[in-house]
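J.: So that we are looking at the same thing, I have put the structure below in structure tokens.
The values are calculated or read from the model by the stated rules, or taken from the named source; none is laboratory data. Keep in mind the model is a prediction, meaning the values are calculated, not measured. All Cβ positions, glycine included, derive from the backbone under ideal geometry; neighbour counts span all protein chains shown. Note: areas computed on protein heavy atoms with side chains; ligands, DNA, RNA excluded. Shrake-Rupley method; radii C 1.70, N 1.55, O 1.52, S 1.80 Å.
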Amino acid sequence: MAEQKAKGHEFEILRPGCSQDGEGIPEVAYEHYLTALLAGDRRFCQATVETLLDQRVPIRRIYEELFGRSLYRVGELWERGRISVAKEHLATALTESLMTLVYPQLFAAPHTRHSAVVSCVAHEYHHIGGKMVADTFEFHGWNSYFLGANTPIKDLLSLIDEKQPEIIALSMTITFHLESLIRTLTSIRHRFPNTPIWIGGQAFRWGGAERVEEIHGTAVLSNLAEMETRLRDWGT
């Protein structure tokens, strides 16, 4: 079914007359995409993303309502034993490759001198969320330095010292890594007492934000929309 639809791309991504900023991605589009993602159907998934971009759906919506939502669902299916590790890895790799489709828009934005260092905490191998954060900085004209998964604290500190960013952003997907995050935050705050630190990730759906925000100058952001609001207000 997904492969057949991909050839003609017959379903509507946005209903005619919908406000692109006010309407989310329709449920039918998401469900077809998720089915294709789980099947490893790159052609259909790519056609979906390209259609959304052609219809000028904001990148944040594509990241949150298509990529992020579908990967959360894939993770839940894996945790329940309904899909294999191989399928979970396939969905992740496919999603990362699809993110490159937005780059022509992403890097076309005028850039400023603002900069941010973005990283996953040590022992955290789920890096897509952090990559989305780094891309969001870029879309808003910032220069982002993304260190990827499982970054050792000493190497993170070294890059922060080199780049002297205005913001440090960290991603955590697995709640079990909270202690690693606390150690990282403590080390950053000791070396860089005044640099704002933004934290996000799926792990905070189950708590932990209060403990993190006890560290001075640290904020847990719930989604990319909140991040974009903060970026628009930056310096005002």
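J.: Loop-only trypsin sites (Lys or Arg not before Pro) in the stretch 72-104, please: DSSP not H, G, I, E or B, and at most 11 other Cβ atoms within 10 Å.
T.: Sites meeting the loop and neighbour criteria: R80, R82.
J.: Provide Rg and Dmax in Å for the chain, with only Cα atoms included in the calculation.
T.: 18.3, 57
J.: Rank by packing, highest mean first: peptides 46-53, 210-217, with packing defined as the count of other Cβ atoms within 10 Å averaged across residues.
T.: 46-53, 210-217
J.: So what's the angle, to the nearest 10 degrees on a 0 to 90 scale, between helix 224-233 and the longest Cα principal axis of the chain?
T.: The helix 224-233 is inclined about 60 degrees to the chain.
J.: About the Cα centre of the chain, what is the dipole size in debye to 20, counting +1 per Lys and Arg Cβ and -1 per Asp and Glu Cβ, all else neutral?
T.: With only Lys, Arg, Asp and Glu charged at Cβ, the dipole is about 280 debye.
J.: Just the accessible area per residue of the chain, please: how many Å² with a 1.4 Å probe?
T.: Working: 11910 Å² over 236 residues.
Per residue, the chain has an accessible area of 50 Å².
J.: I'd like the chymotrypsin sites (Phe, Trp or Tyr not before Pro) in the stretch 169-236 restricted to DSSP loop residues with at most 15 other Cβ atoms within 10 Å, sorted by number.
T.: When the chymotrypsin sites (Phe, Trp or Tyr not before Pro) of the stretch 169-236 are filtered for loop state and at most 15 Cβ neighbours within 10 Å, W234 remain.
J.: For Cα pairs less than 8 Å apart in space and 6+ apart in sequence, what is the mean separation divided by the residue count of the stretch 15-168, i.e. the relative contact order in percent?
T.: About 20 percent, as a whole number.
J.: Using the charge dipole of the stretch 15-172 (Lys, Arg: +1 at Cβ; Asp, Glu: -1 at Cβ; taken about the Cα centre), state which of P58, G141, Q46 has its Cα farthest towards the positive end.
T.: Final value for the positive-end residue is Q46.
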